[in-house]
Amino acid sequence: MRPAHVRQGVVAVAVALLGLLLVQGVWFEVSAYGTYLEGPSREPTIWANYSLDSEQEHIDIEITNATPLIVYLNTRENIGEAGEVNVTSTLDDTRELVQKGVILTVAFFALGSYRRWFSWLGFGMWGFTAFLLIVMVPMSLFGGYSDDSGPEARGALETGDEVGDNQFAHSTFNSSLSLHSTGLNFGFDSSGYDLGLVNASQRDAVRENPPEDGEEGAEAFIRFAGEVSISFGEGIIAWLAVPIIPLVFLIIGRVNVDISNQVASIEDSESE
């Protein structure tokens, strides 16, 4: 068996092992917190840790100073009726595409022993699978609303414009985005007047003009801010390392060829 075939076989095995780490490892890890800076007393904070892999999602939620938040949620009136929203998630379909992409990537690198252009197909399929992981999986996870009504208003748990005028008035939402070594951080700061805390007779007035301190409805001002940190799990990191393997063996192969040529040249010189 030619050395090039052996090297390509080793490459295929190494890519298969990294693909196995992807399939069995965590894809995304998300940690988030949000604090009610104004409104409920004692600044209740919601903490969440979320992870996603090739089969399921895990989420853990903790609330500190939960009593004021429970009182707030029980006190407010839910304004308007939330329409039914049909959610169609494509996450499972995307997971299946990722797994098929891994299989095809390994197969193409294995076939590279017979035709070099199969290895280039392997790089292409690796890139396509990485695109599915980094772009399509988050889109499939956070998207999925099948009608034009948009997300359902979450009332007291959000104060941004997306909740609509029925729940909050004079809503603001500010955000910031920053990158870190293996992901990104998303900061947010939202505020508004929760109409569910305002007497029905005063809601139109609050909608029209923000109340001043001491006026009816001023106590309904809510501010909710926090941060979301999204990191690649060990599964995605392993898959992103796939191109390193064939490139290393390609360099090794070229070095071996150069050494062989130099040895052959020396031997020819000596024989003369």
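Restricting the search to segment 17-52, which residues are in contact (Cβ under 8 Å) with a residue 40 or more places away in the chain, assigned to a strand (DSSP E or B) and not β-branched (Val, Ile, Thr)? Answer for segment 17-52, where residues must be in contact (Cβ under 8 Å) with a residue 40 or more places away in the chain, assigned to a strand (DSSP E or B) and not β-branched (Val, Ile, Thr): 27, 28, 29, 31, 32, 33, 34, 36, 37, 38, 51, 52.
Restricted to segment 1-30, and to residues there that are under 26 Å from the mean Cα position of the chain (by Cα) and loosely packed, with under 15 Cβ neighbours inside 10 Å, the residue that is modelled with the lowest pLDDT is 24. Taking the condition β-branched (Val, Ile, Thr), surrounded by 18 or more Cβ atoms within 10 Å (Cβ to Cβ), at pLDDT 85 or above and touching a Phe, Trp or Tyr at 6+ places or on another chain (Cβ under 9 Å), does residue 137 pass? In short, yes. Of the residues making up segment 208-242, those that are surrounded by fewer than 17 Cβ atoms within 10 Å (Cβ to Cβ), in a loop (DSSP other than H, G, I, E, B) and at pLDDT below 90 number 7. Quick check on my filter: what residues within segment 175-207 are among the β-branched types (Val, Ile, Thr), in a loop (DSSP other than H, G, I, E, B) and either more than 30 Å from residue 29 (Cα to Cα) or touching a residue at least 60 places away in the same chain (Cβ under 8 Å) (or both)? Across segment 175-207, the qualifying residue is only 198.
The values are calculated or read from the model by the stated rules, or taken from the named source; none is laboratory data. Every value quoted in this text rests on a predicted model; they were computed, and no experiment measured them. FYI the Cβ positions are ideal-geometry reconstructions off the backbone, even for glycines, and counts take in every protein chain you see.
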